[in-house]
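Below you'll find the structure, written out as C-alpha cells, and then a few comments.
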Amino acid sequence: MKLQHLVGGLLLAATAASASVTSPVIGRLLWSEEFNGPSLDGSVWNTYNGNGCQIGLCGYGNQELEYYHPNNLSVVNVPFEPGTRALAITAKRETIGSNLFTSGKVDTAGKVQVKYGMVEIRMATPKVGVGLWPAAWLLGTSLQPWPRKGEIDIMEMGGRQPAGLPSVSPDQFVGSNVITWAQAACVPGNESCAASTAWQTKNWVTPSRSLANRFVLYRLYWTDTQIRFTLVDNGRELDMYKAPISTVGSPALQEPFYLLMNMAVGGNFTPAATPDQITAPLPATMYVDYVRVYELDGKGEVKLGVGITQEVGKFGVFTDNTPVNNGQALGSSADFYIWNTGSMGGGNIPAYEGSNVLALNYFAPGQWFGGAIASRQAHDMSGFRNGSIKLKIKAPANVAFKIGILDTYTNHSWVTFPANTTAYGLVRNGDWGTATIPVSEIAGPLVALQSMSSLFEFLSVDGAVPGQPFQMAFDDIVWDSGVPGVAPVAVAAPTLAKAAAVTGSSAQTGASTLEFSVPARGWADVHFSVNGGDTQTVRMRADGAVSRHAAGGLKRGDVVEYRFTAWDAARQMAVDSAPKTVIVK
C-alpha cells in the first residue's frame, strides 16, 4: 500500500514459467473467514481507529484523506446478491477532527499469519470514481521496518493508469504489486529503498465490464520461488502480470504475512490529493464475501495467534559449529547493526570457531559504542529462563561494556562487564574467553522472553567510555535452556476443512449440460475444470437443503474434475469435499 516513488531492479518477471503457479495443484482448505456471523470476529480481525497520526504516520504514509473508524465496518446481507453475507467497508463524507471522510480498515496482525499457498478473496468494489482506493493486501510479520518486511498487494483499484494505455474507466482497472527492499532502489527521492515489481511493468487487468457492485475472485498463488496474481471474472482467470514474479533472493517473501483490507479515500495511489478533488459517489461500500487459504502444490501454512513456536534446547544466535536445535543466520533471518558508526566499524580479529566472527574496531576515543544482532522474526525464549547465554568474547581488560537483550515491546535489560574484572566467568587476559550469563538475571522482571526481538546486544558503559582505540570480538553466541531439546517439529496448520466432509455429485442433464449438487443449508461453491483447464469457482444456487449449479457448453468426451466447498453451520466452519471426475457422455 505504500506507493510513494518506487523504483528498483528486484523481483523482475520470471523468464521461465513455473508449474507451481501457472499450473497449480490446489489442495485442502487450510483456513477461511466467511463473514457469515452477526458481526466482525474480533479474534481474527483488528480494526483501525485513527488517521495514522496516532502512530506518527499521518495519512498512513500515503497522504490518505480518511479517518478509519470501526463504525464503518459491519457484516451485512449483500444488497445485490441475495443470500450472501459479507464484510462491508464503507467510506463516507463525515468529519472527524481534520478529516472530512471516514472509512474502514482491518488486519489480522498477531491473530492469523499466512505463508505460501493460494489466497483467494471474493470481493465486490463500489464505483471508485476519482478518490476511492479499495485494497486487499498482506504485510510481513517480520520485526524489520517497511519495506524490508515485504508487502504483497493482491488487488488495489483507483490508481493512475500508465501512460500509453487506452483510456478506460477506473472501475475497469485493477492491479497487484510486490514491494521489498533492494539496494538498487536506493536513489534520491526513494530513501526507503522500496523496490516495486509494478515499476515500469505491466501489473494490471482491464476487465470487459465494470467491477462495480459485482463479485469477482482475486487470487494470490505463492510458493517459495514464485508469486502469481490473477482475477477470476465470470469463469475466466486473467493474469495481472505477464509472467510469474520470482521471489528467489528475497528473504522477506519466504516468511509469514498477515492480511489487511481497507478502502482509502484519496492518497498517492489516486488522482485525488485534496478533499475537493474527491468526486467518487459517497457513501460507497466494498464487500468481502470470504477470504480462503488453500494448499498450493503441498505448500501452505496458516498459524493462529502470534504464530511463534517456542524454542527449546539450544538456540544459536551466532555460531558456526556448535550443535543447536534451532538458530538464525545473518543476512537471512537476522541482521547485525553497529549503532554508532562514528566510533566503531569492522575489525580484523580472526574467528574463535568456524569462519564467521563479529570483529569490531573502536577508533573514536571518548565516544560511546554499541550494536546488536536483530532477529527478523520474534522468538519465544520463555523456556530458557532457567538457562544461560554462553558466548566467546575477546576484549582488552581495560574496556568496560554491557551485554543486553531486547523484547518486541522495547524492553531492554543489561548485565555489566566492568573493566579489569572477571565477570560471568570471562577472564580478561587478552585472549578469547567464555562468558556464561544466567537468562533470569539478564532478563530481569521486565523483558518478555516469550516475544524476543534481539537475543544479543552490546553497549559501552556510561561514564566509562574508552580513552584509547581498541579491537574486540564476539563469537559462538548460544542460548542454552539447560534441558536437552528435540528440534521443533512443524505442526500442520489449523485445518477448518476436512476431506470428504461434504458429499456432492454431478448429473448429466443434457447433451452439453452437467448439473452439480451438494447438500448444504448455507452457502456452497463448486470448483470445476474441463479437460485440465482453468478451475472455475461458482457460488451455487440454494434450493432448500440442496445447492445446485448447471454448467453448459460441454461436449461428449469432456473430462470434468470437480469438488465442493460448503458452510457447515453446526461446526461453524468451511468444509471441502473430496475431488471427483466425470466424463461427459
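Considering S196, S192, S176, which residue is buried (at least 20 other Cβ atoms within 10 Å of the Cβ), in contact with a helix residue (DSSP H, G or I) (Cβ under 9 Å, 6 or more places away or on another chain), within 29 Å of T47 (Cβ to Cβ) and polar (S, T, N, Q)?
S196
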So, in the range 66-91, how many residues would count as being closer than 15 Å to M123 by Cβ and of a type in the set (D, E)?
1
Which one of these is in the same structural domain as A264 (by TED's automatic domain parsing), more than 25 Å from the chain's Cα centre (by Cα), at pLDDT 95 or above and within 21 Å of L259 (Cα to Cα): N51, N71?
N71
In the range 419-463, how many residues are without any contact (Cβ under 8 Å) to a residue 40 or more places away in the chain and either assigned to a helix (DSSP H, G or I) or closer than 12 Å to I403 by Cα (or both)?
3
Of those in the range 371-421 that are farther than 27 Å from S343 by Cβ and among the hydrophobic types (A, V, I, L, M, F, W, C), the residue surrounded by the fewest Cβ atoms within 10 Å (Cβ to Cβ) is A378
Tell me, please, whether a residue that is closer than 30 Å to G110 by Cα, surrounded by fewer than 19 Cβ atoms within 10 Å (Cβ to Cβ) and modelled with pLDDT under 95 can be found in the range 201-222.
no
Matching residues in the range 378-410 (in contact with a strand residue (DSSP E or B) (Cβ under 9 Å, 6 or more places away or on another chain) and either more than 25 Å from D320 (Cα to Cα) or part of a strand (DSSP E or B) (or both)) number 23
Test H549 against the stated conditions and say whether it is crowded, with 19+ Cβ neighbours inside 10 Å, more than 30 Å from the chain's Cα centre (by Cα) and at pLDDT 75 or above.
yes
For the range 150-166, check the following and say yes or no: at least one residue is part of a loop (DSSP other than H, G, I, E, B), modelled with pLDDT of 95 or more and of a type outside the set (D, E).
yes
Only one of V306, V312 is in a loop (DSSP other than H, G, I, E, B), touching a helix residue (DSSP H, G or I) at 6+ places or on another chain (Cβ under 7 Å) and of a type in the set (V, I, T); which?
V312
Given the conditions (1) assigned to a loop (DSSP other than H, G, I, E, B); (2) surrounded by fewer than 19 Cβ atoms within 10 Å (Cβ to Cβ); (3) modelled with pLDDT of 95 or more, every one holds for Y337 apart from (1)
Would you confirm whether any residue within the range 179-190 is in the same structural domain as I245 (by TED's automatic domain parsing) and under 30 Å from V538 (Cβ atoms)?
no
Confirm whether A273 is among the hydrophobic types (A, V, I, L, M, F, W, C) and over 17 Å from the mean Cα position of the chain (by Cα).
yes
How about the range 45-67: which of its residues are surrounded by fewer than 17 Cβ atoms within 10 Å (Cβ to Cβ), touching a strand residue (DSSP E or B) at 6+ places or on another chain (Cβ under 8 Å) and part of a loop (DSSP other than H, G, I, E, B)?
N49
Provide a single number: the residues in the range 341-360 that are surrounded by fewer than 16 Cβ atoms within 10 Å (Cβ to Cβ) and in contact (Cβ under 8 Å) with a residue 12 or more places away in the chain.
8
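The values are calculated or read from the model by the stated rules, or taken from the named source; none is laboratory data. Just so you know, these numbers come straight off a predicted model, no measurement behind them. Quick reminder, even Gly has a Cβ in these numbers, built from the backbone with ideal geometry, and neighbours come from all protein chains shown.
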